[in-house]
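Trainee: I'd like to ask some things about the structure below.
The values are calculated or read from the model by the stated rules, or taken from the named source; none is laboratory data. Note that the coordinates shown come from a computational prediction; the quantities given were computed from them, not determined experimentally. Cβ: placed from backbone, ideal geometry, glycine included. Neighbour counts: every protein chain shown.
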Amino acid sequence: MPRRRRVLGGLLGALAGLPVGVLGGLAGLMLTGGRIFGPVFAVAAGGTGGLVLGAVIGLTAAGRRGAERMTVSEVVRAEPFTLLGFGLCGALTGLAPLRLAHAGPLPLAAGVAGSFVLAFALGVVFKIATGGWSRDAELAHPREALHRNPLIGLAFGLTGGVAAFLVFIMNTGVVESLVCALVGGVTFGLAFGAVAWARTMIGLAVAAVRRLLPLRLWAFLDWACEARLLRVSGATYQFRHRELQDFLTPPDGGG
């Protein structure tokens, strides 16, 4: 049932995103006066972008069904800098074709402002779909947030990758555009989506190099729980026995 619900959510999201993307492509065609791309590219590129992003949002939102949802005002208060980053990325995406088309001041201002607003709204939808689950569910297991975080990063990465590809394909080759999309998608996903996962992986690698933690930390923690040395309590791992904790913890004052 969960898989079926996710597939249905992805299909509904794709159906909703397709016309929105087509309208966005036609708006870009109108603002650039058809000097950079034609109506076929506008419909195909806009439709593809809207379909992909709508499917990702629908798929993610379906997985959060039954969880507590955030309101728009709560999202804006919780993630103002992330939403600002979304808006700036959208403005830069809209600026590129307008500059190539040598658009006048009015179309340039309208295109950049519209791209900023649309990207800001997309960021709000992303946050509601991916970040609005209840705190109780978040505390179900210490690794639950890290399991979800890469999926959120993938959603953000697809957003950045699709936007980068559609911008660069207008004046560069397919291979160069794919490389730029890959770099932009990974950067956008790590910067705005998989922040906690990236920090955890970097910290774990540093701790492993310094011989403070094993590189296969999760396998070690699972073994420790199976051996009844540790136990899971909410979002934390705890020593099962106080004597073991006292034995492994250095006395006060060092030494």
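Trainee: Looking at region 196-210, I want the residues that are closer than 21 Å to residue 151 by Cα and have a partner that is among the hydrophobic types (A, V, I, L, M, F, W, C) and in a helix (DSSP H, G or I) with Cβ atoms under 7 Å, at least 6 apart or on another chain. Which pairs are those?
Mentor: 196/145; 196/146; 197/146; 198/190; 200/146; 204/217
Trainee: Considering 25, 49, which residue is without any contact (Cβ under 8 Å) to a residue 60 or more places away in the chain, assigned by TED's automatic domain parsing to the domain that holds residue 171 and buried (at least 21 other Cβ atoms within 10 Å of the Cβ)?
Mentor: Details: 49 fails: without any contact (Cβ under 8 Å) to a residue 60 or more places away in the chain.
Exactly one of 25, 49 is without any contact (Cβ under 8 Å) to a residue 60 or more places away in the chain, assigned by TED's automatic domain parsing to the domain that holds residue 171 and buried (at least 21 other Cβ atoms within 10 Å of the Cβ), namely 25.
Trainee: Of the residues in region 226-250, how many are surrounded by 13 or more Cβ atoms within 10 Å (Cβ to Cβ) and within 27 Å of residue 153 (Cβ to Cβ)?
Mentor: Result for region 226-250: 3.
Trainee: From the list 186, 174, exactly one residue is modelled with pLDDT of 80 or more, under 25 Å from residue 37 (Cβ atoms), surrounded by fewer than 22 Cβ atoms within 10 Å (Cβ to Cβ) and aliphatic (A, V, I, L, M). Which is it? Full working, then the answer.
Mentor: Working: 186 fails: under 25 Å from residue 37 (Cβ atoms).
Step by step, each of 186, 174 is checked, and only 174 is modelled with pLDDT of 80 or more, under 25 Å from residue 37 (Cβ atoms), surrounded by fewer than 22 Cβ atoms within 10 Å (Cβ to Cβ) and aliphatic (A, V, I, L, M).
Trainee: Looking only at region 180-232, how many residues end up being among the acidic types (Asp, Glu) and under 29 Å from the mean Cα position of the chain (by Cα)?
Mentor: Keep residues of region 180-232 that are among the acidic types (Asp, Glu), which gives 222, 226.
When the remaining residues are screened for being under 29 Å from the mean Cα position of the chain (by Cα), the result is 222.
Counting residues in region 180-232 that are among the acidic types (Asp, Glu) and under 29 Å from the mean Cα position of the chain (by Cα) gives 1.
Trainee: Name the residues in region 189-210 that are farther than 27 Å from residue 123 by Cα and buried (at least 17 other Cβ atoms within 10 Å of the Cβ), would you? Give the steps one after another, and end with the answer.
Mentor: Going through region 189-210, the residues farther than 27 Å from residue 123 by Cα turn out to be 203-210.
Listed by number, the list holds a single entry, 204.
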